Amino acid sequence: MFVTQETIAAKRRAVDAAEADWLRDVADYDQSGNWALTGSLSAAASVRHGCRMDPGVAGFYVDIARKLTKMPDVLAAFLEGDISLRHVQVLARAHTAARAPILAQAEPELVAAARDHSPND
């Protein structure tokens, strides 16, 4: 059986879209405060325990999930599988309170660039 580039790319897009959907749920879980019902002190601690993750990894995902709530165009592209978690990570790292207004204006252009280029570009 020969696997094509199209198959590999389609499956990667599906993985990215599923991860985006999961991160949207993580953001909702974080904002809801339901993590406290598990006896956890934070959403990251609850995700760490529930998903058997290292603390730093769980914290990374909660941080990315929080930032995605402030970047609707990035989230939409991620949900479509048009950009990867690594693209999101680069954009989220740039998203600080001081830069938020500027990034909000530039978000459509940044997403367009992410769709066409690798995260390192």
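The values are calculated or read from the model by the stated rules, or taken from the named source; none is laboratory data. This one's a predicted model, so the numbers in the text were calculated from it and none came from an experiment. Note: ideal-geometry Cβ built from the backbone for every residue, glycine included; neighbour counts use all protein chains shown. Side chains are part of the model used for accessible areas, which takes the heavy atoms of the whole protein and leaves out ligands, DNA and RNA. Shrake-Rupley method; radii C 1.70, N 1.55, O 1.52, S 1.80 Å.
Points worth noting:
- At most 13 other Cβ within 10 Å, DSSP loop - chymotrypsin sites (Phe, Trp or Tyr not before Pro), segment 1-70: Phe2
- In the chain, the longest principal axis of the Cα atoms and the axis of helix 100-116 are about 50 degrees apart.
- Dipole-positive endmost among Ala45, Gly33, Leu85 within segment 1-87 (Cβ charges, Cα centre): Ala45
- Computed 3J(HN,Hα) for segment 27-41, one whole-Hz value per residue from the Karplus formula 6.51 cos²θ - 1.76 cosθ + 1.60 where θ = phi - 60°, is 4, 4, 4, 4, 5, 6, x, 4, 4, 5, 5, 8, x, 7, 8, glycine and proline marked x.
- Per residue, the accessible area of the chain comes to 63 Å² when a 1.4 Å probe rolls over the protein heavy atoms.
- Dipole moment magnitude, nearest 20 debye, the chain about Cα centre, only Lys, Arg, Asp, Glu C-beta charged: 340
- Estimated inter-spin distance, Asp25 and Val57, nm [label 7 Å along Cα→Cβ]: 1.7
- Taking every alpha-carbon pair under 8 Å whose residues sit at least 6 apart, the chain reaches a relative contact order of 28 percent.
- Helical contribution to [θ] at 222 nm, DSSP H n ≥ 4, -39,500 (n - 2.57), averaged over the chain, rounded to 500: -23000 deg cm²/dmol
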